[in-house]
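Everything on this sheet refers to the single structure shown next.
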Amino acid sequence: MEKKTILTGIRPTGHLHIGHYFGASRNWVKLQDKFDTYIEIADVQALTDNFNNPDKVRKSVQDLVIDLLSVGVDPNKATIFLQSTIPEIAELTVFYSNLVTIARLERNPTVKTEIKQKKELFGEKGESITYGFLGYPVSQAADITAFKGNLVPVGDDQLPLLEQCREIVRKFNSIYGKTLVEPEAYLSEIPRIKGLDGNEKMGKSLGNAIFLADDEETVRKKIMDAVTDPNKIKIDDKANPDVCMVYYYHKLIKNENLETVCKECKSGKRGCVACKKELVTKMLEFLKPIAEKRKYYENHPEEVKEILKEGSKKAKKVAEKTLKEVKEKMKINYFD
Ligand code: ATP
Ligand code: MG
């Protein structure tokens, strides 16, 4: 039986955070043993809403590759590649853009949420939505289908984008004949990790994340500022752990004292400061092995660059093959 293909991506808009780790990239590490795995650093997509900040995107490319290697992505098993080095993806995007209406893109729940978040973060500045940003789900469909991805391991914020991709595939195949593969989502056991501020989603661009690369002091400060039960005012007030982000992360990183944390919180025996301090210790323990691996790659930047370059070369060959088929089916292969 043919090995199934995994395609997933990450936008170079900052470092990996624990939301990525538990919501998505932990699965990438697990799946790379069994599947043909491609991980895209989606710099073209990052530029759709960061076009005026090329330095940030450029720096984040190398940072992210290091993050991925530090959490255990193995370049001998998974192919890490850079979107902008594969113009075939951009060509597919142009062809697919005929198959999607503007109304459908505007209705896409992920796009809608992201536009809303931008408005909240940047006020009026966030209101001007570009043609490129509105169209990024089409480009994402090109990312996935260029590699004939069967499975797409993502967080659940991505589900509407995947549905959009499936629609494009069906439409393409029904007009031009069966060519593209309809992908399926692969969700983690916790498909969406919440932010330090209690937001439903921890996001790189939302200012509510603990990054895998954060140093001790930063982790401490972020956790000490995390949202807790607003009804707990005094140290011995009884609280509700279910509305507390500190309890939420104790649970996420599987603190072995979780039951005690919960009991003491509910009975008013545990103050929030002590509880946060315990979380800082546990979080730093969790991050330590990742930080150690990161140190190696930070000291070997050429090796990191080479991994991305080689991965991109390999990925380009696959995308070239798909584009050739697509052009044949669309009858625009004049000189072949
Ligand atoms: P940005 O804010 O720039 O969009 P992001 O934090 O949303 O950054 P992406 O690069 O867009 O990160 O997403 C990479 C992958 O990580 C996607 O599969 C996405 O679903 C997943 N992911 C991102 N944030 C979370 C989260 N809080 N919980 C679970 N999965 C997440
Ligand atoms: Mg995102």
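In square nanometres, what is one fourth of the surface area of the convex hull spanned by the alpha carbons of the chain?
Average projection, Cα convex hull of the chain: 19.0 nm².
Taking 0.36 nm per residue of sequence separation and subtracting the Cα-Cα distance, how much length would be gained by fully extending the chain between Thr101 and Lys221, in nm to one decimal?
On the way: separation 120, 0.36 × 120 = 43.20 nm, distance 4.55 nm.
Stretched fully, the Thr101-Lys221 segment lengthens by 38.6 nm.
Counting each DSSP H run of 4 or more residues in the chain as -39500 (n - 2.57), what helix-only mean residue ellipticity at 222 nm follows after dividing by all residues, to the nearest 500 deg cm²/dmol? Write out the running numbers ahead of the final one.
On the way: 14 runs with 177 residues, N = 336.
-16500 deg cm²/dmol, from helical runs alone.
Taking the square root of 5 times each eigenvalue of the Cα gyration tensor, what semi-axes in Å does the equivalent ellipsoid of the range 150-208 have, largest first? Mind dumping the intermediate values first?
Working: eigenvalues 198, 25, 9 Å².
Sorted largest first and rounded, they come to 31, 11, 7 Å.
How high is the FRET efficiency between Glu325 and Glu167 when r is their beta carbon distance and R₀ equals 22 Å, given to the nearest 0.05? Intermediate values should be presented prior to the final figure.
Numbers: r = 20 Å, r/R0 = 0.90.
Efficiency, from the Cβ-Cβ distance: 0.65.
Based only on other Cβ atoms within 10 Å, what is the fewest-to-most ordering of Thr37, Thr5? Mind showing how you got there, number by number?
Numbers: Thr37 26, Thr5 19.
So the ranking, lowest neighbour count to highest, is Thr5, Thr37.
For a footprinting-style exposure proxy, rank Cys262, Cys275 by other Cβ within 10 Å, fewest first. Walk me through the numbers before you get to the answer.
On the way: Cys262 17, Cys275 20.
Final ranking by Cβ density, sparse to dense: Cys262, Cys275.
Using amide H atoms built 1.01 Å from N in the peptide plane, name the residues 5+ places from Ala185, or on other chains, whose amide H lies under 5 Å from its own.
Close amide H contacts, sequence-distant or interchain: Val152.
What is the distance in Å between the Cα centroid of the range 265-336 and that of the range 37-103?
Here the two parts' Cα centres lie 11 Å apart.
Quote to one decimal, in nm, the extra length available between Glu189 and Lys314 on full extension: 0.36 nm per residue of separation minus the C-alpha distance between them. Working shown, then result.
On the way: separation 125, 0.36 × 125 = 45.00 nm, distance 3.11 nm.
Residue separation times 0.36 nm, minus the Cα-Cα distance, leaves 41.9 nm.
Compute the length gained on full extension between Glu256 and Lys305: take 0.36 nm times their separation in residues and subtract their Cα-Cα distance, giving the result in nm to one decimal. Don't skip to the answer; put the middle values down first.
Details: separation 49, 0.36 × 49 = 17.64 nm, distance 3.88 nm.
Stretched fully, the Glu256-Lys305 segment lengthens by 13.8 nm.
By DSSP, what percent of the beta bridges with both residues in the chain are antiparallel, rounded to the nearest 5?
On the way: 1 of 16 bridges.
Of the beta bridges lying entirely in the chain, close to 5 percent run antiparallel.
According to the square roots a ≥ b ≥ c of the eigenvalues of the Cα gyration tensor, what is the shape class of the range 139-291, taking rounded for a/c under 1.5, prolate for a/b larger than b/c otherwise, and oblate for the remainder? Present the calculation step by step, with values, prior to reporting the outcome.
On the way: a/c = 3.25, a/b = 2.59, b/c = 1.26.
Prolate, since a/c reaches 1.5 and a/b exceeds b/c.
Among His15, His20, what is the fewest-to-most ranking by other Cβ atoms within 10 Å? Kindly include the intermediate steps, with their values, before the conclusion.
Working: His15 18, His20 25.
Listing His15, His20 from fewest to most nearby Cβ atoms yields His15, His20.
At q = 0.11, 0.27 Å⁻¹, work out log10 I(q)/I(0) for the range 216-294 with the Debye formula, treating every Cα as an identical point scatterer and leaving solvent out; two decimals please.
Values returned for q = 0.11, 0.27 Å⁻¹ are -0.27, -1.35.
Every read-out reported here was derived from the displayed coordinates using simple, explicitly stated rules and does not represent laboratory data. Values in this document were obtained by computation on a predicted structure and should not be read as measured data. Positions of Cβ are generated from backbone atoms using ideal geometry, with glycine treated the same way; all protein chains shown enter the neighbour counts.
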